[in-house]
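Working notes, structure below.
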Amino acid sequence: MGIMDTKGQITIDYLIGITVFLFAVVFVFSYTSGIFTPFQSNSDEVTLIADRISTTIVEKRMSAMDETVPNLVSGARVDEFFTELNTSYDSTLDSLGMNGSYLRYDLNITLENGTSLIDSAGEIIPAEVNVGQTKRVVLYRNESTGNTELLIMSFRVW
């Protein structure tokens, strides 16, 4: 046996081979991760739109106009908006900026407490579409009694 066989030195050829192999593995992993992504996924887009719409509706259209209590909604204004959304759906979408010349989005809003659905407005969600959803916990004030309760509003956009 020679002197070079017992030292275990790494030759430059072995180092270059390992480097090329690692670059190939990194390339394969970065290339294949894009294969499994849907070709036209806009779920991030509709989620951002749902968040913007929820902010607009809760803080401007349904607000009880009390700046000291965040997310306080008026029961009368909630009923008024739900009626407006169900009776004049297209004009309500136009006022919210969801009906453009190239893209049109649909909206569904539900109001529920911890156990049951209280009210719903908008279109029925079709199957197999990208749906963006935002949920907001609101303090609902009944105008006739003055009582308040915590409710969950779900905003779904597709």
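The values are calculated or read from the model by the stated rules, or taken from the named source; none is laboratory data. Every value quoted in this text rests on a predicted model; they were computed, and no experiment measured them. We place every Cβ from the backbone using ideal geometry, glycine too, and count neighbours over all the protein chains shown. The protein model used for the area step is the full one, side chains on, heavy atoms only, and it has no ligands, DNA or RNA in it. Shrake-Rupley method; radii C 1.70, N 1.55, O 1.52, S 1.80 Å.
Given charges of +1 on the Cβ of Lys and Arg and -1 on the Cβ of Asp and Glu, with all other atoms neutral, how large is the dipole of the chain about its Cα centre, in debye to the nearest 20?
Using Cβ point charges on Lys, Arg, Asp and Glu, the chain gives about 420 debye.
When the Cα gyration tensor is reduced to axis lengths a ≥ b ≥ c, the ratio a/c is 1.5 or higher for segment 63-107, and with a/b not above b/c it is classed as oblate.
Mean residue ellipticity at 222 nm from the helices of the chain, using -39,500 (n - 2.57) per DSSP H segment of n ≥ 4 over the full residue count, to the nearest 500 deg cm²/dmol?
Helix contribution divided over all residues of the chain: -11500 deg cm²/dmol.
Taken per residue, the accessible surface of segment 18-147 reaches 65 Å², heavy atoms only and a 1.4 Å probe.
Would you work out what percent of the accessible area of the chain, with all protein chains in place, is carbon or sulfur (probe 1.4 Å)? Ligands and nucleic acids excluded, carbon and sulfur reach 58 percent. Taking other residues whose beta carbon is less than 13 angstrom from the beta carbon of M62, and scoring Lys, Arg as +1 and Asp, Glu as -1, yields -2. The angle separating the long axis of helix 43-56 from the principal Cα axis of greatest extent in the chain is about 30 degrees.
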